[in-house]
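Shown next, in structure tokens, is the structure this report addresses.
The values are calculated or read from the model by the stated rules, or taken from the named source; none is laboratory data. Only a predicted model underlies this, so the values are computations on that prediction, with no experimental measurement involved. Cβ sites come from the backbone with ideal geometry, for glycine too, and all protein chains shown count toward neighbours. SASA here: full protein model, heavy atoms, side chains in, ligands and nucleic acids out. Shrake-Rupley method; radii C 1.70, N 1.55, O 1.52, S 1.80 Å.
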Amino acid sequence: MAYIETYQWAWVVYLLAAVGMYYVVVKFTKYWRNQDVKNYMRMISAVILFTPASHTLDGLNALAPAYIVMLGELLTNGVIAALQGVIPILLALLLGAIALATQALINSLIAKYKKT
């Protein structure tokens, strides 16, 4: 039982730190002129900070940040094992890019109809 409580508190601390880091990224990109670059930078930061990956250690399944799973598996078990963390990151990046492309399309359509 102590493991579950420690695990939950570790996630709470990690999520608070990740929200703080994301806030720093938002403040850092606040005055960038290019809206697309700003949105993609924020999306990439959010994907790196908030994407979880499933990891099995000593028969226990646990969630961990995907970049930590990727780096840990890369350093201990090699490139093939690192795909455990890479695949969730790539899927989240794909979904984020689709969302940003859809947002850009909608914004361009709105701007087009405002001109007429």
Exercise. Gaussian network model of the chain, Cα springs within a sub-10 Å range: biggest mean-square fluctuation belongs to which of LEU93, LEU83, LEU57?
Worked result: LEU57
Seminar exercise, completed: Computed over region 48-116, protein heavy atoms only, probe 1.4 angstrom, the accessible area per residue in square angstrom equals 70
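Stretched out fully, how many nm does the piece from ILE68 to LEU83 gain, at 0.36 nm a residue minus the Cα gap?
On the way: separation 15, 0.36 × 15 = 5.40 nm, distance 1.17 nm.
Length gained, ILE68 through LEU83: 4.2 nm.
Pairs of alpha-carbon atoms within less than 8 angstrom and 6+ residues apart define the contacts here; what relative contact order does the chain have, in percent? Numbers along the way, then the final one.
Details: 87 pairs, mean separation 20.6, N = 116.
Computed value for the chain: 18 percent relative contact order.
Over all directions, what mean area does the Cα convex hull of region 51-116 project, stated in square nanometres?
Working: hull surface 21.3 nm².
So the Cα hull casts an average projection of 5.3 nm².
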For this session: Taking 7 Å along the Cα-to-C-beta vector as the label spot, tell me the VAL37-THR56 distance in nanometres, rounded to one decimal.
Result: 4.5
Problem set entry | Stokes-Einstein D (µm²/s) once Rh is taken as the Kirkwood radius of the chain over alpha-carbon pairs, at 37 °C in 0.692 mPa s | 200
Exercise. Which residue fluctuates the most in the chain, going by a Gaussian network model with Cα springs under 10 Å, if the choices are TYR23, TYR31, TYR67?
Worked result: TYR31
Seminar exercise, completed: Under the helix-only model (-39500 (n - 2.57) for each DSSP H run of 4 or more, divided by the residues of the chain), the mean residue ellipticity at 222 nm, to 500 deg cm²/dmol, is -28000 deg cm²/dmol
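How big is Rg to Rh over region 1-68, alpha-carbon atoms, Rh as the Kirkwood inverse-mean-distance radius? Intermediate results must be reported in sequence, preceding the final value.
Values: Rg = 15.4 Å, Rh = 13.7 Å.
Result for region 1-68 is an Rg/Rh of 1.13.
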For this session: Work out from phi, with θ = phi - 60° and the Karplus expression 6.51 cos²θ - 1.76 cosθ + 1.60, the ³J(HN,Hα) of each residue of region 74-86, listed in order in whole Hz, and give x for Gly and Pro.
Result: 5, 6, 9, 10, x, 5, 4, 5, 5, 5, 4, x, 6
